[in-house]
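Asks: Please find one structure pasted underneath; my questions will follow.
The values are calculated or read from the model by the stated rules, or taken from the named source; none is laboratory data. A quick note: this is a predicted structure, and the numbers were derived from the prediction, not measured. Here the Cβ positions follow ideal geometry from the backbone for every residue, glycine too, while neighbour counts run over all protein chains shown.
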Amino acid sequence: MITKLHHVWQEMRSSFWFVPTLIVLDAVVLATLLITVDATVDLHVVERWPLLFGAGAAGARGLLTAVASSMVTVAGVVFSITLVALSLTSSQYTSRVLRNFMRDRINQIVLGMFVGIFAYCLVVLRVIRGGDEGAFVPSLAVLVGLILAFVGIGYLIFFIHYISKSIQASSIIAMAAQETLATVDHLFPQKLGEEAEEDADGYLVKAFAEQAWSAVPARKTGYIESIDADALLDLARKYQTIVRMERGVGEFIVEGTPLISVTKGGGVDRTTTDELNGVYVIGRQRVVEQDAAFGLRQIVDIAMKALSPGVNDTTTAVICVDYLTAILVRLATRRITTSHWMDDQRELRVISRGPSFESLLNEAFNQIRQNAESNAAILSRMLGSLQTIAVLTSSPNRRWLIRQKVEEIAEAAERTIESPHDRVRFENRLARVREALETGPVLSMHEKPINGSSIKQ
């Protein structure tokens, strides 16, 4: 239930209307409050500051009308600028980062401010009356409307500056990387070497290979956005069964195909099927909140677009490799979640399906390597990235995976780099990387050496 509520909140947060709606409501409340103060409390502001508050009903109407009309016009301009930014981002980089623009809080606040000021002016205009109508001019509310107009001008200047920075490649890549790093910290909080349950992959796979599994079909078609792990574990305990995920977060599922399997003889009834499907959130697109691989995917797609013959933007691809390095360095020091979940009685209940360090490493570098063949700058940069990752992990298994990735890059360079000068520079870099892989890792002051020769993924 908590996972579904969190998903709903993320969807609302990602929408372009949520924050502006809140700001409009706040503006209406503020206008109502100031009008009430003007109507019930005599502050003698007109006598004290006639130049500020001495405007009559006609002057107040003229002022607020001008502010309201200008703010709604500026709101349209802001919306148009945002659409242009979205279009440029989609065509130049990748459409998968559009969601980041839509959920950008500053974009939402700026649009909400202009619409909110417009709503504020409308509410105040509604109560202004001339002499024949029983004169009432909410002087304080009118003054606040004037102040809000100047605030709106400031927001417009700030927005133009902000949007011009946010559509730059480095900003887009950094935004995607920051979101992915937050996901890594959330999903994989344990560092390698911390006390944790060891995976029992070997014997558990053999023990349950001969089990009679009953498939639970999916009720929807789409991408698995999130899974309520606690609810799934509770259901497995409730039905005294073992649940095996057939699809993990980020994977595409077709309605009617196996979503999960259970060790429950005689098949699965409709109620159980509905309950098990209820722990999954299936949508039209992948989201990064529980899917670190999708965060990597966004940056890789930008690099792929930069390396395409029509764009040929090596610098942007280099920036992508640098931020991928930062993410993989974080992953290299973390213990990837175990694939087997136990209940309170230490009985196996769920066999999960999730990422491994190997799959995330492949996700980050394989396609870039394939598209960067003959590009000595990118291949050399990838070697440096792998060296950085290797020296910060103590896991022999992960260092071996990194070594394999280095050899793949070396093989691609051997086939495609034709310039003798570029080849010599690449080979020198390759030699340094191989030497670093043969030496021990560099541990930070906060890390302790890990005893043992095997680290579980």
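Asks: Consider residue 379 carefully, then state whether it is touching a Ser or Thr at 6+ places or on another chain (Cβ under 9 Å) and either among the small types (Gly, Ala, Ser) or touching a residue at least 12 places away in the same chain (Cβ under 8 Å) (or both). Talk me through it step by step, then tell me what you get.
Replies: On the way: touching a Ser or Thr at 6+ places or on another chain (Cβ under 9 Å): yes; either among the small types (Gly, Ala, Ser) or touching a residue at least 12 places away in the same chain (Cβ under 8 Å) (or both): yes.
Answer is yes for this residue.
Asks: Oh, and also: Run down 377, 326, 412, 364 and say which single residue is buried (at least 20 other Cβ atoms within 10 Å of the Cβ) and small (Gly, Ala, Ser).
Replies: The unique qualifying residue is 364.
Asks: Being at pLDDT 80 or above and under 30 Å from residue 288 (Cα atoms) is the filter here; which residues of segment 1-50 pass it?
Replies: Passing the criteria: 17, 18, 19, 20, 21, 22, 23, 24.
Asks: If you check 53, 79, which single one turns out to be at pLDDT 65 or above and either assigned by TED's automatic domain parsing to the domain that holds residue 136 or crowded, with 19+ Cβ neighbours inside 10 Å (or both)?
Replies: Among 53, 79, only 79 is at pLDDT 65 or above and either assigned by TED's automatic domain parsing to the domain that holds residue 136 or crowded, with 19+ Cβ neighbours inside 10 Å (or both).
Asks: Now a separate question. Can you find a residue that is over 20 Å from residue 181 (Cβ atoms) and out of contact with any Cys (no Cβ under 7 Å at 6 or more places or on another chain) anywhere in segment 286-299?
Replies: Within segment 286-299, none of the residues are over 20 Å from residue 181 (Cβ atoms) and out of contact with any Cys (no Cβ under 7 Å at 6 or more places or on another chain).
Asks: What's the number of the condition residue 186 fails, among (1) modelled with pLDDT under 90; (2) of a type outside the set (Lys, Arg); (3) not assigned by TED's automatic domain parsing to the domain that holds residue 332?
Replies: Checking residue 186 against (1) modelled with pLDDT under 90; (2) of a type outside the set (Lys, Arg); (3) not assigned by TED's automatic domain parsing to the domain that holds residue 332, the one that fails is (3).
Asks: Additional query: Within segment 357-396, work out how many residues are more than 16 Å from residue 314 (Cβ to Cβ) and acidic (Asp, Glu).
Replies: Adding up the residues that qualify gives 2.
Asks: Another question, then. Restricting the search to segment 60-72, which residues are surrounded by fewer than 18 Cβ atoms within 10 Å (Cβ to Cβ) and either within 32 Å of the chain's Cα centre (by Cα) or in the same structural domain as residue 309 (by TED's automatic domain parsing) (or both)?
Replies: If the condition is that a residue be surrounded by fewer than 18 Cβ atoms within 10 Å (Cβ to Cβ) and either within 32 Å of the chain's Cα centre (by Cα) or in the same structural domain as residue 309 (by TED's automatic domain parsing) (or both), then 72 is the only one that fits.
Asks: Now for a different question. Restricting to segment 283-305, name every residue that is aliphatic (A, V, I, L, M) and modelled with pLDDT under 90.
Replies: Of everything in segment 283-305, those that are aliphatic (A, V, I, L, M) and modelled with pLDDT under 90 turn out to be 287, 288.
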